[in-house]
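J.: Supplied in structure tokens, the structure appears directly below.
The values are calculated or read from the model by the stated rules, or taken from the named source; none is laboratory data. Everything quoted here is computed from the prediction, not taken from an experiment. Glycine gets a Cβ as well: all are built from the backbone with ideal geometry, and neighbour counts include every protein chain shown. Remember, those area values only see protein heavy atoms, side chains included, never the ligands or the DNA or RNA. Shrake-Rupley method; radii C 1.70, N 1.55, O 1.52, S 1.80 Å.
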Amino acid sequence: MNIAPQTRRPALSDYYSETKCIWCDGCGNYGIWTAVKYALVELNLHPWQVCLCYDVGCHGNGSDKIEGYRFHGLHGRVIPFAAGAKLANMKVPVIAFGGDGATFSEGIGHLVHGVRSNYPITFVLHNNTNYGLTTGQASSLTPQG
Ligand code: SF4
């Protein structure tokens, strides 16, 4: 990664990764992935100034589709390790990404604790209402019926 001088504003191309996306055509992950890159540039953040934390799942496969410092952790555990990263260095903005399965099933205890503790991190929920990566089993947010 290029270490750009702080005087230069970040550009969308700074977040470009050569790793190809493998999401299905029309997947909502493309929109979130693009919006996050635009938001980081608008916030004047270079890739080396932000910590991006990914849970396991279809969205988590985006962890190498964007440039920057990224963690790709265990299923349902993104909030604890994102909070840990934040507590280790409060100056670094931390964004965590999780799917509905990881966040509202395996990781529900961490979500509740994270909300109660109000860690100063940003959490982005990728809610596709099922376990997409493992071919569509119901998650806690799958509508009844
Ligand atoms: S299974 Fe669903 S969430 Fe996963 S890549 Fe395909 S459309 Fe996206």
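J.: Is there a residue in the stretch 78-87 that is of a type in the set (D, E, K, R), open to solvent by less than 40 Å² (accessible area, probe 1.4 Å) and farther than 27 Å from Ile22 by Cβ?
T.: yes
J.: Report, by residue number, each residue of the stretch 119-128 that is assigned to a loop (DSSP other than H, G, I, E, B) and open to solvent by less than 50 Å² (accessible area, probe 1.4 Å).
T.: Ile121
J.: Continuing with this model, one more query. Out of the stretch 77-107, which residues are more than 15 Å from the chain's Cα centre (by Cα), under 15 Å from Gly57 (Cβ atoms) and away from the ligand (no atom under 16 Å from the Cβ)?
T.: Hit for the stretch 77-107 is Glu106, nothing else.
J.: Separate question: For the stretch 6-48, give me the residue count where each residue is of a type outside the set (A, V, I, L, M), open to solvent by 30 Å² or more (accessible area, probe 1.4 Å), within 16 Å of the ligand (Cβ to nearest atom) and not in a helix (DSSP H, G or I).
T.: Residues flagged as of a type outside the set (A, V, I, L, M), open to solvent by 30 Å² or more (accessible area, probe 1.4 Å), within 16 Å of the ligand (Cβ to nearest atom) and not in a helix (DSSP H, G or I) within the stretch 6-48 amount to 7.
J.: Looking at (1) under 29 Å from Ala138 (Cβ atoms); (2) more than 16 Å from the ligand (Cβ to nearest atom), can you tell me which one Asn128 breaks?
T.: Unmet for Asn128, out of (1) under 29 Å from Ala138 (Cβ atoms); (2) more than 16 Å from the ligand (Cβ to nearest atom): (2).
J.: In the stretch 72-88, what residues are without any contact (Cβ under 8 Å) to a residue 24 or more places away in the chain and either over 21 Å from Ile108 (Cα atoms) or part of a helix (DSSP H, G or I) (or both)?
T.: Gly84, Ala88
J.: Which residues, counting only those in the stretch 1-48, are basic (Lys, Arg) and either closer than 17 Å to Gly60 by Cβ or modelled with pLDDT of 95 or more (or both)?
T.: Arg9, Lys20, Lys37
J.: Just one of (1) within 15 Å of the ligand (Cβ to nearest atom); (2) small (Gly, Ala, Ser); (3) closer than 18 Å to Val36 by Cα trips up Ala138, so point out which.
T.: (3)
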